[in-house]
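Accompanying notes for the structure given below.
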């Protein structure tokens with residue numbers, strides 16, 4: 001018997017657990033068939049076969065978007081329903097995290113068609129027991145057949161249909177593609193000392209089939225990366241295998257371990273998409289891929305370099321939703337937001353954004369340009385390379401091989417009548433001098449520098465050769481930033497910390513014996529890390545008259561820092577502590593990110 005299609009059982013259970021009201025229960029009973037038909041029509045319009053989808057009563061109930069009684073704004077979800085059924089049947093609920101699953105266990109334990117038909121995901125073998133996620137608790141008898149066939153004990157868990165179907169589609173799709181490609185590309189290992197290697201030339205059909213499988217594998221990898229919110233994909237050749245890792249919220253996770261024989265084919269496919277030279281494997285190359293995931297477009301920057309065991313490829317995913325944010329949503333406190341808005345509303349001058357690689361400088365600059373963009377303003381950018389192509393900007397890519405550099409482009413773009421200029425990075429005196437000249441002639445210039453804090457950007461410009469009086473007359477201000485992981489909202493909890501444990505890190509601590517902070521205890525949503533997503537911490541100082549006078553006198557950066565702090569500048573450590581105190585991030589994360597500042 002399929003319990004999730006049993007109206008009386010399911011509605012009684014949800015009503016008993018106060019997840020639906022008596023009125024909602026009656027409405028579901030009256031409108032369920034009409035709602036089912038509406039869902040069928042929507043699925044057909046999207047090209048999804050109704051037999052494949054197998055709509056049941058849970059799908060129908062969830063589609064009503066019911067508000068749970070007594071929980072204002074909290075809608076009834078599939079997970080809430082299945083968790084309730086699991087508790088009623090004394091079965092554990094399993095939140096399927098793709099990063100925790102072993103692709104071999106998922107795809108090699110039971111056949112794909114059988115798993116898809118019965119919605120089963122074997123996810124772990126522990127102490128000789130096979131842990132199995134199932135959707136329909138009324139089909140536990142199926143597990144008896146598997147136990148007899150496999151001669152293994154099975155421990156069942158309930159999971160949502162959405163997660164089960166997604167895992168099966170992604171894992172079987174990727175594994176099938178890789179396995180098929182391995183068969184076509186496989187063969188005896190090459191002994192580089194043997195000059196008489198026999199090379200089997202594949203037939204046209206084999207080459208075409210292999211190419212198709214590699215294409216599918218790369219597509220699955222891209223979809224998986226988007227679904228997991230990855231910012232970077234690393235494809236790394238090792239001695240006996242190839243490893244695929246995703247960077248999620250700043251931390252790298254190993255996703256796949258692939259047969260070494262398919263590594264070169266996958267990298268070649270990526271190089272082809274990025275319009276790189278597939279035959280060139282001895283030198284680094286850079287390119288880009290424009291992709292669409294569902295209705296959302298993204299840019300993927302591709303970098304390949306030769307390493308010990310082959311070519312390593314790193315793909316940086318640039319999502320327009322991340323790069324183009326509202327200025328007020330980036331993470332500024334009230335004072336910093338006011339100061340930064342004064343920068344971008346100025347008619348001319350230089351604004352510098354500083355920080356190491358991966359600190360969110362591109363997001364800040366793109367969000368800023370998006371904020372000021374209008375038909376009345378001519379925005380020109382010079383980037384190496386162009387991060388995200390956006391039609392509101394006139395974007396120029398640096399090409400060193402034909403002498404199209406930051407400095408040479410800046411000589412020419414002033415004739416293009418720009419209002420705002422964004423320079424990807426000031427690296428040398430020529431670029432700095434042209435930026436100063438642009439600011440002096442009435443242009444607003446944004447750029448980046450690699451310095452540890454905001455005040456040191458002045459010292460850096462002087463070290464590059466810019467005269468101090470030119471720095472003081474053209475700079476509007478500078479900003480340093482970092483990214484910290486934010487506490488997962490689903491498992492955030494209060495924790496009492498003794499002040500003695502927090503001392504010695506440079507944070508502005510309160511005068512008390514202990515302080516109440518927050519941390520994530522770890523949950524399925526955050527994969528047990530306690531963190532979900534990231535936000536910025538900032539240090540912004542404007543070039544006030546007092547600071548201009550200090551700069552003109554070439555005083556040390558430490559002295560300028562004191563003046564800026566006295567005028568109200570919030571340092572990186574102070575902003576980090578403010579976000580710790582407000583429960584946005586943890587003390588440990590603040591120490592990790594600001595420890596070298």
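Quick notes on this structure:
- Just so you know, in region 408-419 the residues that are touching a strand residue (DSSP E or B) at 6+ places or on another chain (Cβ under 8 Å) and part of a helix (DSSP H, G or I) include one that is surrounded by the most Cβ atoms within 10 Å (Cβ to Cβ), and it is 410.
- Residue within region 581-595 that is within 18 Å of residue 451 (Cβ to Cβ) and either in the same structural domain as residue 463 (by TED's automatic domain parsing) or surrounded by fewer than 19 Cβ atoms within 10 Å (Cβ to Cβ) (or both) present: yes
- If the condition is being touching a residue at least 40 places away in the same chain (Cβ under 8 Å) and buried (at least 22 other Cβ atoms within 10 Å of the Cβ), then region 427-437 contributes only 435.
- Residue match in region 81-95 (condition: within 30 Å of residue 179 (Cα to Cα), out of contact with any strand residue (DSSP E or B) (no Cβ under 6 Å at 6 or more places or on another chain) and touching a residue at least 12 places away in the same chain (Cβ under 8 Å)): yes
- On the stretch given as region 489-523, residues that are under 14 Å from residue 577 (Cβ atoms), within 26 Å of the chain's Cα centre (by Cα) and without any contact (Cβ under 8 Å) to a residue 40 or more places away in the chain total 0.
- Meets criteria (under 30 Å from residue 328 (Cα atoms) and either modelled with pLDDT of 85 or more or surrounded by 15 or more Cβ atoms within 10 Å (Cβ to Cβ) (or both)) for residue 519: yes
- In region 299-343, residue modelled with the lowest pLDDT [restricted to those that are part of a loop (DSSP other than H, G, I, E, B) and buried (at least 16 other Cβ atoms within 10 Å of the Cβ)]: 324
- Here residue 483 does not qualify as more than 33 Å from the chain's Cα centre (by Cα) and on the phi < 0 side of the Ramachandran plot.
- Tallying residues that are over 26 Å from residue 430 (Cα atoms), in a helix (DSSP H, G or I) and out of contact with any strand residue (DSSP E or B) (no Cβ under 9 Å at 6 or more places or on another chain) within region 366-407 yields 3.
- Residues of region 430-458 that are in a helix (DSSP H, G or I) and either out of contact with any strand residue (DSSP E or B) (no Cβ under 6 Å at 6 or more places or on another chain) or modelled with pLDDT under 90 (or both): 430, 431, 432, 433, 434, 436, 437, 440, 456, 458.
- Flag: residue 274 does not match the condition of being under 15 Å from residue 222 (Cα atoms), under 24 Å from the mean Cα position of the chain (by Cα) and touching a residue at least 60 places away in the same chain (Cβ under 8 Å).
- In region 414-429, the residues that are farther than 17 Å from residue 450 by Cα and at pLDDT 85 or above: 416, 417, 418, 419, 420, 421
The values are calculated or read from the model by the stated rules, or taken from the named source; none is laboratory data. These figures come from a predicted structure and were not determined experimentally. When we count neighbours, we look across all protein chains shown, and the Cβ atoms used for this are built from the backbone with ideal geometry, even at glycine.
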